[in-house]
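Before any comments, here is the structure.
The values are calculated or read from the model by the stated rules, or taken from the named source; none is laboratory data. Keep in mind the model is a prediction, meaning the values are calculated, not measured. No Cβ is skipped: glycine too gets one built from the backbone with ideal geometry, and neighbour counts run over all protein chains shown. Just so you know, the surface numbers come from the protein's heavy atoms only, side chains and all, with ligands and any DNA or RNA stripped out. Shrake-Rupley method; radii C 1.70, N 1.55, O 1.52, S 1.80 Å.
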Amino acid sequence: MEGLFALSLRAAKWVSAGGAILALLAGIVLTLHQISRARCFSVVGEAICRVETDAPLVALTFDDGPTEEGVAIAIAALREHGATATFFLIGEEAARRAPLVRRLLAEGHEVGNHSQTHQRMIFHLPAFYEREVMEADAALRAAGVTRLDLFRPPYGRKLIGLPNALARHGYRMIMWDVEDPTGAATPQAYADAVVRQARPGSIILMHIMYRSNRIARESLPLVLRGLRSRGFLVVTVGELLHQRG
């Protein structure tokens, strides 16, 4: 009986230790997830979420696509307000719709890299990041983009592998400090929230490319009008970065 009791006690200790280890690992994974989504912090390299400047400039950026509807609405609204913007495009979508990429370039807008397949850029082997960055790079260049040095991580996720791959290829990692407002039920509510949060040097993120982004699309003219009423000039990320010297 004593031997059986001792064996049971040792088993209980192992189970307790195993549970503690699993809890620790879960805590580490959760912490890494939180770090990976930080707007203005990166474990490796620099995550640019805004530019310190007193100039009344903000950069307007659009993620995903390109799609016919998103590009048409963006071009019309930006042209009406004399604004330029940065479009972070997905490589495989740009390859299928290269004429849309060329339309954006012809309008004077800037194009950045948003990965090849729009997967989360964490917990992968180094080859994955290399492939996602450079396949999208090739697709965008084939569509007519001549300068590529800005990368927007899908879902804003990054840890070590992605920043290292970007550094190898001369890319800067662009995040944001103003984004699509959660829960905005109308275009006006969406626009009011974006305009209210903007400050000199802000990088604004909007999603307008897909059918589910209707409110954001309809809010775009209101956002541009609101930013102008506050005295802001809407520029590309590249132009905003010139303020850094």
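Are any of the residues in the range 226-245 more than 21 Å from R103 (Cβ to Cβ), touching a helix residue (DSSP H, G or I) at 6+ places or on another chain (Cβ under 7 Å) and aliphatic (A, V, I, L, M)?
In the first step, residues of the range 226-245 are kept if they are more than 21 Å from R103 (Cβ to Cβ); the result is 226-233, 240-245.
Remaining after also requiring touching a helix residue (DSSP H, G or I) at 6+ places or on another chain (Cβ under 7 Å): 226-227, 230.
Those left that are additionally aliphatic (A, V, I, L, M): 227.
So far as the range 226-245 goes, yes, one or more of its residues are more than 21 Å from R103 (Cβ to Cβ), touching a helix residue (DSSP H, G or I) at 6+ places or on another chain (Cβ under 7 Å) and aliphatic (A, V, I, L, M).
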Can you tell me which residue within the range 121-144, out of those that are touching a Gly at 6+ places or on another chain (Cβ under 9 Å) and in a loop (DSSP other than H, G, I, E, B), is nearest to R97 (Cα to Cα)?
M121
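Can you report the number of residues in the range 196-240 which are of a type in the set (A, V, I, L, M) and out of contact with any strand residue (DSSP E or B) (no Cβ under 9 Å at 6 or more places or on another chain)?
Result for the range 196-240: 2.
Assess whether G91 counts as being in contact with a helix residue (DSSP H, G or I) (Cβ under 8 Å, 6 or more places away or on another chain) and at pLDDT 95 or above.
Working: in contact with a helix residue (DSSP H, G or I) (Cβ under 8 Å, 6 or more places away or on another chain): yes; at pLDDT 95 or above: yes.
In short, yes.
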Taking the range 122-132 and keeping only residues that are open to solvent by less than 50 Å² (accessible area, probe 1.4 Å) and without any contact (Cβ under 8 Å) to a residue 60 or more places away in the chain, one is left with F128, Y129, E132
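State all residues of the range 234-244 that are outside any strand (DSSP E or B) and more than 17 Å from R147 (Cβ to Cβ); if no residue qualifies, say none.
Here is the first cut: in the range 234-244, the residues outside any strand (DSSP E or B) are 236-244.
If the condition is that a residue be outside any strand (DSSP E or B) and more than 17 Å from R147 (Cβ to Cβ), then Q243, R244 are the ones that fit.
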Cβ-Cβ distance below 7 Å, separation of 6 or more or different chains: which pairs start in the range 35-52 with a residue that is of a type in the set (A, V, I, L, M) and end on one that is in a strand (DSSP E or B)?
A47/M173; I48/R172; I48/M173; I48/I174
Please find, among A94, A106, A136, A143, the residue that is without any contact (Cβ under 8 Å) to a residue 12 or more places away in the chain and either open to solvent by 60 Å² or more (accessible area, probe 1.4 Å) or under 20 Å from T61 (Cα atoms) (or both).
A106
Hey, L240 within 26 Å of Q119 (Cβ to Cβ), of a type in the set (A, V, I, L, M, F, W, C) and open to solvent by less than 20 Å² (accessible area, probe 1.4 Å) or not
no
Tell me the residue from G65, G82, G112 that is surrounded by fewer than 16 Cβ atoms within 10 Å (Cβ to Cβ) and closer than 18 Å to I204 by Cβ, please.
G82
Within the set of pairs 6 or more residues apart or between chains, which connect a residue that is part of a strand (DSSP E or B) inside the range 53-65 to a residue that is charged (D, E, K, R) and crowded, with 24+ Cβ neighbours inside 10 Å with Cβ atoms less than 8 Å apart?
T61/R152; D63/R152
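With I35, I75, I28 as the choices, which residue is in a helix (DSSP H, G or I), modelled with pLDDT of 95 or more and β-branched (V, I, T)? Step through it out loud before you land on a result.
Details: I35 fails: modelled with pLDDT of 95 or more; I28 fails: modelled with pLDDT of 95 or more.
Checking each option against the conditions leaves just I75.
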For the range 212-233, indicate whether the set of residues that are touching a residue at least 24 places away in the same chain (Cβ under 8 Å), surrounded by 22 or more Cβ atoms within 10 Å (Cβ to Cβ) and not in a helix (DSSP H, G or I) is non-empty.
yes
Testing V101 on (1) touching a residue at least 60 places away in the same chain (Cβ under 8 Å); (2) buried (at least 19 other Cβ atoms within 10 Å of the Cβ), one condition comes back false. Which one is that?
(1)
Checked against (1) within 17 Å of F62 (Cα to Cα); (2) small (G, A, S); (3) in contact with an Asp or Glu (Cβ under 9 Å, 6 or more places away or on another chain), S212 satisfies every condition except (3)
Give the number of residues within the range 157-209 that are part of a helix (DSSP H, G or I), buried (at least 17 other Cβ atoms within 10 Å of the Cβ) and of a type outside the set (V, I, T).
10
